[in-house]
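The values are calculated or read from the model by the stated rules, or taken from the named source; none is laboratory data. As the structure is a computational prediction, the values presented were derived from the model and not from experiment. Backbone-built Cβ (ideal geometry, glycine too); neighbour counts: all protein chains shown.
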Amino acid sequence: MRTMLIHLFTISIFATPSVFADCPSEVSPTAGQKIILTGKVMDTDGNWLNDVNVSMRPIDVQTSTDPNGDYAIEFLWDEQLKPNKRGIIAALKFEKEGHLDKTIRVRSMEFFSSAKPLLVKLEPKPIEKNIAGFTTPMNTFNAVGKKSSGDAEFHVYIPASVDKVRAAFYLSRHGIGNITHPILQKFAQEEKVALVSMYGDPVQRGLKDVSLTDTHLKKLAKLSGHPELVDAPILTFGHSNGTGFAACWPAQRPEQSIGWISFHPGFTAYLQLPNTEKVPSMVMLGTVDKYFLNGRQDETVKEMRQLRNAAMSTMMEAGVGHGPVDADIVWELVVEFCKAAMRVRLGNDGELKPIKIEEGWLGATYNIETGGRQHLEIAPYAEFKGDRSTANWLMDEEFAKVWQAYARTDHLQKR
């Protein structure tokens with residue numbers, strides 16, 4: 001039986017929930033022919049989306065995207081594939097938690113033999129209406145000096161039980177960043193933390209001058225009824241090129257920054273911005289993420305440890321691509337990091353304590369050649385037997401044990 005391999009990457013799907021596909025081609029499928037449709041799914045910021053459910057009707061066939069957003073769906077051409085009363089032959093549906101569903105409705109037989117590629121882009125779900133925020137135009141330069149302009153969104157979530165904010169957690173909504181996840185909101189309640197999100201090209205990849213956000217943060221403080229938000233010590237998080245967002249506050253305002261997290265960074269230079277070594281950080285890396293394979297940011301962190309004695313660590317996620325295997329487990333680890341940073345750095349008076357590398361813990365580095373999940377040795381700084389200059393720096397014993405447990409757990413098997 002002849003197999004036809006069809007690469008569907010041509011049609012970009014943006015705002016509309018449904019798209020009618022009518023693609024010209026030179027070859028038409030025949031009865032009983034095996035058809036393989038391939039494609040890639042991304043979000044509207046260009047991040048590859050893993051674990052997107054891809055299905056096709058009326059034939060009951062489905063698959064999901066791999067760690068780098070690619071998929072292949074196959075079926076045998078049969079009599080079910082014919083126009084209905086509305087002229088629709090088939091419908092391809094793309095579903096991903098946290099994103100709006102997209103449907104391609106096919107009305108041409110030639111669609112199935114198109115040799116042109118199709119790229120599917122899923123929009124993130126809009127932020128909940130009960131969360132205070134606003135949209136405003138901005139003109140900025142991003143963290144590496146590229147000019148950017150357009151609308152920027154600012155939102156804040158502060159639990160009703162919080163009388164006074166102890167710290168603020170700034171998250172770029174580029175990629176997986178959000179302030180609506182239950183794990184984050186529970187953390188906000190327990191630790192009296194404000195969750196602040198920023199979204200849009202002028203802000204989500206970082207800013208060369210973070211003071212451009214000051215006016216907008218004052219507005220969030222007024223909207224939330226928490227004037228202390230403006231000067232609160234901060235934690236930051238960014239996914240992919242959102243690492244520029246996470247790093248720009250530690251780089252420009254290290255005296256206000258408690259800690260920062262880079263999740264699957266897309267651009268290595270963000271990890272090397274001046275002053276970032278002074279603020280505890282965790283860089284999470286997926287071993288099959290194409291950005292990691294091209295950039296080897298684990299080596300960058302080793303250099304930062306060795307050359308700047310940076311308060312940095314990596315978390316290697318074996319078999320994981322550019323997105324998370326499970327958002328819950330990622331946020332659980334991120335929250336533990338944030339709690340540790342607050343334990344070690346944030347005094348009762350709100351002042352930040354300086355980092356003392358020799359008073360922390362160290363963790364062994366991941367062996368990329370061995371691969372897989374690994375048991376990485378941990379010990380107090382003075383008792384660590386490996387190379388202290390390149391080992392992962394961990395804030396305290398409690399977080400070191402959490403870090404070690406996460407490193408050796410195969411989260412792929414838990415799905």
Report task. Would you check which residues across the stretch 126-155 are under 19 Å from the mean Cα position of the chain (by Cα) and either at pLDDT 95 or above or among the aliphatic types (A, V, I, L, M) (or both) and list them? Result -> ILE127, ALA143, ALA152, GLU153, PHE154, HIS155
Query raised in the report: Out of curiosity, is VAL344 in contact (Cβ under 8 Å) with a residue 24 or more places away in the chain and over 18 Å from SER257 (Cα atoms)?
Result: no
Query raised in the report: Has the stretch 148-158 got any residue that is within 20 Å of LYS34 (Cα to Cα), in contact (Cβ under 8 Å) with a residue 24 or more places away in the chain and either in the same structural domain as VAL210 (by TED's automatic domain parsing) or of a type outside the set (Phe, Trp, Tyr) (or both)?
Result: no
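Residue-by-condition table, conditions (1) within 16 Å of LYS219 (Cβ to Cβ); (2) in a loop (DSSP other than H, G, I, E, B):
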site	(1), (2)
THR135	yes, no
ASN139	no, no
ALA143	no, yes
SER149	no, no
ALA152	yes, no
ALA160	no, yes
Requested in this report: Inspect the stretch 203-210 for any residue being of a type in the set (D, E, K, R) and modelled with pLDDT of 95 or more and give the result as yes or no.
Outcome: yes
Query raised in the report: Looking at ARG305, is it more than 22 Å from the chain's Cα centre (by Cα), part of a helix (DSSP H, G or I), buried (at least 18 other Cβ atoms within 10 Å of the Cβ) and not aliphatic (A, V, I, L, M)?
Result: yes
**Report entry** Members of the stretch 75-100 found to be loosely packed, with under 15 Cβ neighbours inside 10 Å, under 30 Å from VAL288 (Cα atoms) and charged (D, E, K, R), listed by number
**Finding:** GLU97
Requested in this report: Considering only the stretch 351-368, state which residues are more than 25 Å from the chain's Cα centre (by Cα) and loosely packed, with under 14 Cβ neighbours inside 10 Å.
Outcome: GLU351, LYS353, PRO354, LYS356, GLU358, GLU359
Query raised in the report: Given the conditions (1) over 15 Å from LEU235 (Cα atoms); (2) surrounded by fewer than 23 Cβ atoms within 10 Å (Cβ to Cβ), and given that HIS322 satisfies all but one, which numbered condition is not satisfied?
Result: (2)
Query raised in the report: Does the stretch 268-279 contain any residue that is acidic (Asp, Glu) and over 19 Å from VAL144 (Cα atoms)?
Result: no
Report task. Might you check whether a residue that is modelled with pLDDT under 85, within 19 Å of GLY323 (Cβ to Cβ), hydrophobic (A, V, I, L, M, F, W, C) and in the same structural domain as ILE104 (by TED's automatic domain parsing) occurs anywhere in the stretch 42-61? Result -> no
Requested in this report: With the checklist (1) within 24 Å of HIS264 (Cβ to Cβ); (2) modelled with pLDDT of 95 or more; (3) touching a Ser or Thr at 6+ places or on another chain (Cβ under 9 Å); (4) surrounded by fewer than 18 Cβ atoms within 10 Å (Cβ to Cβ) in hand, flag the one item GLU332 doesn't pass.
Outcome: (3)
Query raised in the report: What is the number of the single condition among (1) surrounded by 14 or more Cβ atoms within 10 Å (Cβ to Cβ); (2) in contact with a helix residue (DSSP H, G or I) (Cβ under 8 Å, 6 or more places away or on another chain) that GLU153 does not meet?
Result: (2)
Query raised in the report: When the stretch 268-292 is examined, which residues are found to be within 24 Å of LEU346 (Cα to Cα), hydrophobic (A, V, I, L, M, F, W, C) and touching a Pro at 6+ places or on another chain (Cβ under 9 Å)?
Result: LEU271, LEU273, VAL279, VAL283, MET284
Query raised in the report: Is it the case that LEU207 is of a type in the set (A, V, I, L, M) and either assigned to a loop (DSSP other than H, G, I, E, B) or over 14 Å from ASN241 (Cα atoms) (or both)?
Result: yes
**Report entry** Residue identified as under 26 Å from GLU123 (Cα atoms), crowded, with 24+ Cβ neighbours inside 10 Å and of a type outside the set (Lys, Arg) among HIS181, HIS239, HIS216
**Finding:** HIS239
Query raised in the report: For the stretch 267-290, does any single residue satisfy the condition of being assigned by TED's automatic domain parsing to the domain that holds SER389, within 21 Å of LEU394 (Cβ to Cβ) and among the aromatic types (Phe, Trp, Tyr)?
Result: no
